[in-house]
Amino acid sequence: MGRDLAEPDWLPLTDGELSVILGRSDPGGLGRRPAVTWRSPRPMSAAALVRHGDATVFVKRHHVSIRTPEQLVAEHDFATHLRARGLPVPAVLRLADGESVLRRGDFCYEVHQVADGLDVYRDAVSWSGYASLGHAYAAGAALARVHLAADGFERPARPAAVLMNSCQVITAPDPLAAAGALVAARPALAAYLAGRRWTDDFESVVVPLIGRAAPLLGPLHPQWGHGDWHPSNLTWTSAAPDAQVAGIFDFGLANRTYPVHDLALALERAVVSWLDLPETGTATADLAAAAFLLDGYQTVRPLTRAEAAALPLLLPVVHVEYALSEADYFTSVAVSTANADLAYEYLVGHARWFGEPPGAALLGFLTGYLGG
């Protein structure tokens with residue numbers, strides 16, 4: 001949630017759990033037990049690289065209040081679809097019962113092959129930008145390949161949930177009512193937001209922005225996207241500026257939205273210095289990185305005129321559903337008023353920033369760059 005490492009919300013994976021998930025027997029027949037070689041510092045789930053026999057796999061545990069087996073299977077189906085289309089997505093591994101998700105009590109487990117390439121951004125904090133313009137260009141091209149490969153994956157959108165991306169509020173006829181329905185279904189979130197007079201902020205700041213963007217989404221074709229495209233969810237052929245994307249992982253926020261929604265998220269995640277906002281009251285945008293990411297994307301999948309027109313209007317509200325779901329997490333699951341406050345600043349403060357000079361400059365740049 002900021003620049004500093006945080007204590008994890010969940011206990012680390014144990015040797016006993018790994019033996020249950022992966023099996024007690026060594027695939028190589030040498031009697032070795034699964035051994036953790038690295039633990040993810042991300043606080044919202046427990047994940048680790050695990051040496052199992054002669055191979056290393058990625059194991060992740062989720063509480064069912066965050067991800068059910070059915071929700072995880074949707075992610076796995078999408079990842080498998082992309083892999084079958086030739087994209088460098090790590091394989092989802094089948095577990096002891098033949099399924100891709102194993103539930104034990106209140107927890108679900110998934111296991112993946114390790115992504116090829118170098119995890120260059122492993123230690124980067126959230127909202128980190130690309131280390132070079134070349135990386136931004138390569139990431140844009142890789143995202144376009146995801147969108148081309150995703151065409152034809154017809155699974156319906158996943159419903160709203162904790163820590164979930166979607167576009168159901170920003171496409172609703174009455175966005176405030178749609179957001180209100182989500183909040184009302186989550187008592188702890190509703191109690192927290194009542195103290196923030198959130199409907200006033202949402203109606204005055206967010207709803208007008210949705211009103212400008214929503215009409216341009218209507219004619220577009222919805223499809224599944226990654227939902228959390230930023231450099232730390234990619235691996236790379238090297239750390240050099242001309243590196244290419246070697247692997248694509250973490251489909252935890254994947255859902256049925258629009259390609260331009262996914263592209264707007266990629267910009268929102270990596271070209272604005274959001275961590276400066278609570279510290280200094282403002283943030284800056286890396287216009288060059290935005291241009292390179294868009295150029296990389298359009299070398300593979302040129303935007304239609306309708307998508308190019310929608311992108312600058314969508315960018316200020318592309319975060320809305322996830323921000324609400326993050327506030328839900330910090331009020332009903334890993335309860336933290338301080339982090340809930342940061343999530344609320346994410347919801348309203350990010351949208352408000354686009355009306356300030358640096359945000360307006362970014363939107364103006366995108367409009368001109370895309371020929372609007």
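Observations on the model:
- Tally, over segment 125-143, of residues that are among the hydrophobic types (A, V, I, L, M, F, W, C), open to solvent by 20 Å² or more (accessible area, probe 1.4 Å) and more than 15 Å from Thr237 (Cα to Cα): 3
- Selection status of Pro173, more than 21 Å from the chain's Cα centre (by Cα) and either at pLDDT below 95 or in a loop (DSSP other than H, G, I, E, B) (or both): yes
- Subset of segment 316-345 that is touching a His at 6+ places or on another chain (Cβ under 8 Å) and in contact (Cβ under 8 Å) with a residue 40 or more places away in the chain - its residue that is most open to solvent (accessible area, probe 1.4 Å): Val333
- Cross-chain or 6+ apart pairs with Cβ under 7 Å, segment 184-195 first and without any contact (Cβ under 8 Å) to a residue 12 or more places away in the chain, then open to solvent by less than 70 Å² (accessible area, probe 1.4 Å): Ala184/Ala190; Ala190/Val183
- Selection within segment 234-261 - under 17 Å from Ala115 (Cβ atoms) and open to solvent by less than 10 Å² (accessible area, probe 1.4 Å): Leu234, Thr235, Trp236, Ala243, Gly247, Ile248, Ala254
- Within segment 72-112, the set of residues being touching a residue at least 60 places away in the same chain (Cβ under 8 Å), assigned to a strand (DSSP E or B) and open to solvent by less than 50 Å² (accessible area, probe 1.4 Å) comprises Leu102, Tyr109, Val111, His112.
- Verdict on Ala177 being farther than 28 Å from Asp77 by Cα and either β-branched (Val, Ile, Thr) or surrounded by 18 or more Cβ atoms within 10 Å (Cβ to Cβ) (or both): no
- In summary, helices (runs of 4 or more DSSP H) completely within segment 220-314 and bearing 1 or more residues that are β-branched (Val, Ile, Thr) occur at 259-270, 277-280, 287-300.
- Scanning segment 150-170 for residues that are out of contact with any Gly (no Cβ under 7 Å at 6 or more places or on another chain) and either open to solvent by less than 30 Å² (accessible area, probe 1.4 Å) or assigned to a helix (DSSP H, G or I) (or both) gives Phe153, Arg158, Ala161, Val162, Leu163, Met164, Ser166, Cys167, Val169, Ile170.
- Residue within segment 116-124 that is open to solvent by less than 60 Å² (accessible area, probe 1.4 Å), small (Gly, Ala, Ser) and either at pLDDT 95 or above or in a helix (DSSP H, G or I) (or both) present: yes
The values are calculated or read from the model by the stated rules, or taken from the named source; none is laboratory data. Computed from a predicted structure; not experimentally measured. Cβ: placed from backbone, ideal geometry, glycine included. Neighbour counts: every protein chain shown. Please note that ligands, DNA and RNA were not included when accessible areas were found on the heavy atoms of the full protein model with its side chains. Shrake-Rupley method; radii C 1.70, N 1.55, O 1.52, S 1.80 Å.
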